Structure formats: structure tokens, C-alpha cells
Amino acid sequence: MGTNNLVFLEVIEWFDESGKEIVHRIPEEGSGEIKFGAQLIVRESQSAVFFYNGKAYEAFPAGRHMLKTANIPVLTKILSVPWGMTSPLRAEVYFVNMKVFPDFRWGTRDPVAFKDSQLGLIRLRAFGMFNIRVVQPVLFINTLVGTQGCFTTAQIEEYLSRVVVSRLNDYLGEHLDSFANLPGKYDAISTGLTKMLQDDFGRFGLGLLGLYVESITPPADVQQAIDDKGRLAMFDDVNKLLKMKAAMAMETAAANQGEAGAGLGMGMGLMVPGMFGAAMQQAGQAQAADMVPCHDCNNPIPRDSRFCPLCGHQQLVFHKCGHCGENLLPSARFCSKCGAAVEQKPAVRLCGKCKAENLSNAVFCNTCGEKL
């Protein structure tokens, strides 16, 4: 490639051999003397962010692009004599892997406190998985990557897992009164957590594409008490179970073969409209796959839009306010919505009872379960 050669123009491209790299910088050793007319090759699953003189100038989509700098072959080297033959016009390209990164694991390192309406204060362990994707490459680099030459999934998984666990504690405290009502609610918990985490992930330019709860378990003694209660309930209803089985057996014996054939034909007749409906639904989903929500008004817009055709909001985000989440201009020093200084980071939220640290907008304490 030759990002620091004297005469030739550069051809800049990158391939992810490991499948674990989210961001990769070229030149790998730092900045380089990328020349005017250098060619940048971006693959379909990538986005490239061009930094020049220390600032992010553009995020390039898939295709071949020409980079424009003030570095001219040979001439730049001659003019760089006062700086030891090193051009002060520094440039670098950050390649961002835009594919979906699946199978991120989340789980409680220590059991989280939960106030059960029937069992009192218990501690729960929870585990699951989630999928992420970079949706704002410039914002992701400015907030998490910084000047690192390589950023992998292992460097972000632990932090995101802690955010998921914190939001799980908030969701259970607001929507679940007793652990006994938990079975059958895993899908609702996954959906609710996904909505709560969209803003947390969006502050870093990440999108949460799916979150799944694999298990939420109490301590062994609480689990034993629940199992014992379930066994007692089963023995109480054993008479009703026997009566139901007997009634089903009598109904099956009364049905003859001719009626069974008629029932089969009726069933096929009812299935045909459903098959056509499913096909039309799949076609609609394929068309909707090319649309993404606007980052400001949430209306669906084409995936390759630079600006929202409905509200005019720019879709490429450089910075977000750490207090209210408002999109900021690259040179902004104060938020236009809440007035907070860009450099001022939101403080952690301390629990009034146990003094444990929680996320700035957490509702329940992760340590003692008290409402903040």
C-alpha cells in the first residue's frame, strides 16, 4: 500500500481476517502522508472514516473514492525539510466493520437484588446474548475507539454486558412483582430491554439488533421452595387431569374415518389463504429491509439517505450530548438543546442506601435493589 512513500499515490483498503475487528486504522502505526488523489476502496460491509489534520472529515460508503489532501508527491517532502522530512499534514483512515456482530454474551457477575412481593428481597442471576451493529461510524470512533489502531469485540463486550444487566434490574423492578410470575415472560422482557437499551447503545453509535434472555434463576433454596409448591399444585388437580384425559379419549373414539377425511379437506382450505398471506408479508418485509428509521424523527427513510427527507436531519452523527442525547455539530462546545458543556460528562448515580455506583439514569440500585 505504501502510505509513507515519496512518489506513488496510495491505494487504501482493508480485509478483516479474524472476523472480530470492529475498527481498523490505516496506517497501522499511526498517521501518514496520504497524498492528493489517493484511492480508497471500501467494501459493501464496511464504512471508512477519513481523518485529516486531526479531524473527521467524511464517512465514505461502499465504492472507490479519491482522497483530497495538500500532500503532493515529491514537493511535499521538499517543503517538509524544517520538520525533518515529515509532512505536518497528517491523515489516516479508519475502516469500520458495518456487519452484524452476533453472540455477544451478557450476564450477572454478582446476583442482582430484586424485591419480590411474595418472597421478599432475593438475588437473581441472569444470562443471555445480544447482537450489535455500528450504525454511526464517526460517533463510534469519537466516543469509544479514540486513537487506537485496532478495536475488537472483546474490548467492548464486558462494558455492554454491564449496561444490559443494569437495565434488566430497572425493568424487573418496574414490570415484575414476583418471581413466580416470570415463566412465559422472557419474550416480553427481551422486547422491553431492547427498547430501554436503544438510547444507551445509540450514544456510542451502536445499534442493538436483538437481545435474548436465556435464564433468570434465583438462589437454590428459593428454587427448591418454588418446585415444592408446583408439585403440591399438581397433586391437587390430578383428579381433574384424569377426567380430561377420559373425555378426550371418548371424543377420539367417536370420530370415524369419513369425518376425519372431511376435516382434513376443511383444514387444507383454511391453510391456503394463510399461505398467500405469508407470502405477501414476506414481500413487504423485504421492501422494508431497505428502510431505516431517522435518528431524529424515527420515520422510515432509505438506507443510503444523507439527510432525512421529512425533517431534514443529517444522518451522519459526529457527537452526541452525554446528558440529553442530542446530536452535536463537530465544532460544538455546548449542547443546543440542554445547554450542557460538551466536555462535561454525566456523573454516576449513587444509591442513597448502600452508596453503590449506578448508571446516570438508572432507576433501581444494582447492589441492594432500592429505588434511586
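The values are calculated or read from the model by the stated rules, or taken from the named source; none is laboratory data. None of these values were measured; they are calculated from a predicted model. Cβ: placed from backbone, ideal geometry, glycine included. Neighbour counts: every protein chain shown.
Look at GLY19 and say whether it is out of contact with any helix residue (DSSP H, G or I) (no Cβ under 9 Å at 6 or more places or on another chain), at pLDDT below 90 and over 22 Å from VAL74 (Cα atoms). The answer is yes for GLY19. The combined condition, being of a type outside the set (Gly, Ala, Ser), assigned to a strand (DSSP E or B) and surrounded by fewer than 15 Cβ atoms within 10 Å (Cβ to Cβ), is not fulfilled by PRO82.
Being farther than 17 Å from ILE22 by Cβ, assigned to a helix (DSSP H, G or I) and over 19 Å from the mean Cα position of the chain (by Cα) is a condition met by no residue of the stretch 210-218. Of the residues VAL134, VAL74, VAL93, the single one that is crowded, with 20+ Cβ neighbours inside 10 Å and not assigned by TED's automatic domain parsing to the domain that holds THR194 is VAL93.
Taking the stretch 294-324 as the search range and keeping residues that are assigned to a loop (DSSP other than H, G, I, E, B), farther than 17 Å from VAL342 by Cβ and under 19 Å from the mean Cα position of the chain (by Cα), which one is modelled with the lowest pLDDT? Spell out the reasoning first.
Going through the stretch 294-324, the residues assigned to a loop (DSSP other than H, G, I, E, B) turn out to be 294-299, 303-306, 308-313, 315-318, 321-324.
Keeping just the survivors that are farther than 17 Å from VAL342 by Cβ gives 294-299, 303-306, 308-313, 315-316.
Pick out the ones that are also under 19 Å from the mean Cα position of the chain (by Cα) and you get 294-296, 298, 303, 315-316.
Numbers: CYS294: 80, HIS295: 69, ASP296: 73, ASN298: 77, ARG303: 72, GLN315: 75, LEU316: 73.
Top of the filtered list is HIS295.
Kindly evaluate ARG167 against the criterion of being among the basic types (Lys, Arg) and assigned to a helix (DSSP H, G or I). In short, yes. The residues in the stretch 296-310 that are out of contact with any Asp or Glu (no Cβ under 8 Å at 6 or more places or on another chain) and either surrounded by 12 or more Cβ atoms within 10 Å (Cβ to Cβ) or of a type in the set (Phe, Trp, Tyr) (or both) can be counted, and the count is 8.
Assess whether VAL112 counts as being more than 30 Å from LEU9 (Cβ to Cβ), β-branched (Val, Ile, Thr) and at pLDDT below 90.
On the way: more than 30 Å from LEU9 (Cβ to Cβ): yes; β-branched (Val, Ile, Thr): yes; at pLDDT below 90: yes.
Criteria met by VAL112.
Restricting to the stretch 1-53, and then to whatever is hydroxyl-bearing (Ser, Thr, Tyr) and not in a loop (DSSP other than H, G, I, E, B), can you tell me which residue is surrounded by the fewest Cβ atoms within 10 Å (Cβ to Cβ)?
Restricting attention to the stretch 1-53, the residues satisfying the condition of being hydroxyl-bearing (Ser, Thr, Tyr) are 3, 18, 31, 45, 47, 52.
Then drop every residue that is not not in a loop (DSSP other than H, G, I, E, B), which leaves 47, 52.
Values: SER47: 22, TYR52: 20.
Within the stretch 1-53, the match that is surrounded by the fewest Cβ atoms within 10 Å (Cβ to Cβ) is TYR52.
Yes or no: the stretch 126-139 includes at least one residue that is out of contact with any Ser or Thr (no Cβ under 6 Å at 6 or more places or on another chain), at negative phi and modelled with pLDDT under 90. No, the stretch 126-139 contains no residue that is out of contact with any Ser or Thr (no Cβ under 6 Å at 6 or more places or on another chain), at negative phi and modelled with pLDDT under 90.
For the stretch 28-59, the candidate set comprises residues that are closer than 21 Å to ASN142 by Cβ and of a type in the set (Ser, Thr, Tyr); within that set, the residue that is nearest to the chain's Cα centre (by Cα) is SER47.
Looking only at residues of the stretch 96-127 that are among the aliphatic types (A, V, I, L, M) and within 20 Å of LEU168 (Cα to Cα), we find that the one that is surrounded by the most Cβ atoms within 10 Å (Cβ to Cβ) is VAL112. Filter the stretch 142-164 down to the residues that are assigned to a helix (DSSP H, G or I) and in contact with a strand residue (DSSP E or B) (Cβ under 8 Å, 6 or more places away or on another chain) and list them by number. Selection gives ASN142, THR143, LEU144, VAL145, ILE156, GLU157, LEU160, SER161, VAL164.
Yes/no per residue for (1) without any contact (Cβ under 8 Å) to a residue 40 or more places away in the chain; (2) assigned to a strand (DSSP E or B):
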position: HIS65; (1), (2): yes, yes
position: THR69; (1), (2): yes, no
position: ILE72; (1), (2): yes, no
position: THR86; (1), (2): no, no
position: VAL96; (1), (2): no, yes
position: LYS115; (1), (2): no, yes
